[in-house]
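Reviewing the structure listed below.
Throughout, read-outs are computed from the coordinates displayed, never taken from laboratory work. In this text, all values refer to a predicted model and were calculated from it rather than measured experimentally. For neighbour counting, all protein chains shown are included, and Cβ atoms are generated from backbone atoms with ideal geometry for every residue, glycine included.
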Amino acid sequence: MLDLAILGLLHESPMHGYELRKQLTTKLGAFRAAISYGSLYPTLRRLQTDGWISEGAPPAGMPASPDEVPLLTGKRGRVVYTITAEGKERFQELLTAAGPETYDSEAGFGVHFAFFARTDPATRLRILEGRRRRVEERREGMRDVLSRAAERLDAYTLELQRHGLDACEREVRWLEELIANERNGTTPQPPSADPERSS
């Protein structure tokens, strides 16, 4: 999933390693993008070895990132990563994957969903439907636990189970709305501005 995320961001524009890590956090959220430099740079090196990205000096007019982490060498701050033609092909291959890895885990689904704008409609629909099935299975498992073992659970464990069930029910509703949008050929609309905040 990290390969998909890095290639997707570099498909948008070349980036320094620091900026790439920042964008991973912005695009995927801090929870999904708890990516250390210890995992990011080895992945970048592997992607280079595979020929999917290249490393070079910043193009003219692109400043070196001054926040690149002082502990790294001065050279690292001047390095910019760019996706190659092969990397763009690999990114498209990863986008069209719609197997269990794309909807079973939070991270896998989150990374794919972050690049849905570049994913074809049929693949988006398969991923959303697969994710809905998984969440519905989890929801039914939680309902079963609550119906058969509620009296044996302490109050806090019971609350945790109810919280998980509520989260599953919210996600199923959200997924059903997205699936309906996909079938109708519409995209999700951003929430309207809060009139109290804009005044």
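Say R0 is 22 Å: what FRET efficiency, to the nearest 0.05, do Asn181 and Thr26 get from their beta-carbon distance? Walk me through the numbers before you get to the answer.
On the way: r = 24 Å, r/R0 = 1.08.
My answer for the efficiency is 0.40.
Arg46 to Glu93: FRET efficiency via 1/(1 + (r/R0)^6), r the Cβ-Cβ distance, R0 22 Å, to the nearest 0.05? Mind dumping the intermediate values first?
Numbers: r = 16 Å, r/R0 = 0.74.
For Arg46 and Glu93, the calculated efficiency is 0.85.
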Residue separation times 0.36 nm, minus the C-alpha to C-alpha distance between Glu137 and Arg152: what's the value? 3.1 nm
Compute, for the range 75-199, the length of the dipole vector about the Cα centre, with Cβ point charges of +1 (Lys, Arg) and -1 (Asp, Glu) only. Units Debye, rounded to 20. 540 debye
Sort 140-148, 126-134 by the packing proxy (mean of other Cβ within 10 Å over each peptide's residues), most packed first. 126-134, 140-148
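State the dimensionless ratio Rg/Rh of the range 97-199 (Rg: radius of gyration of Cα atoms; Rh: Kirkwood radius). Don't jump to the answer; show the numbers that get you there.
Values: Rg = 17.0 Å, Rh = 15.6 Å.
Value, to two decimals: 1.09.
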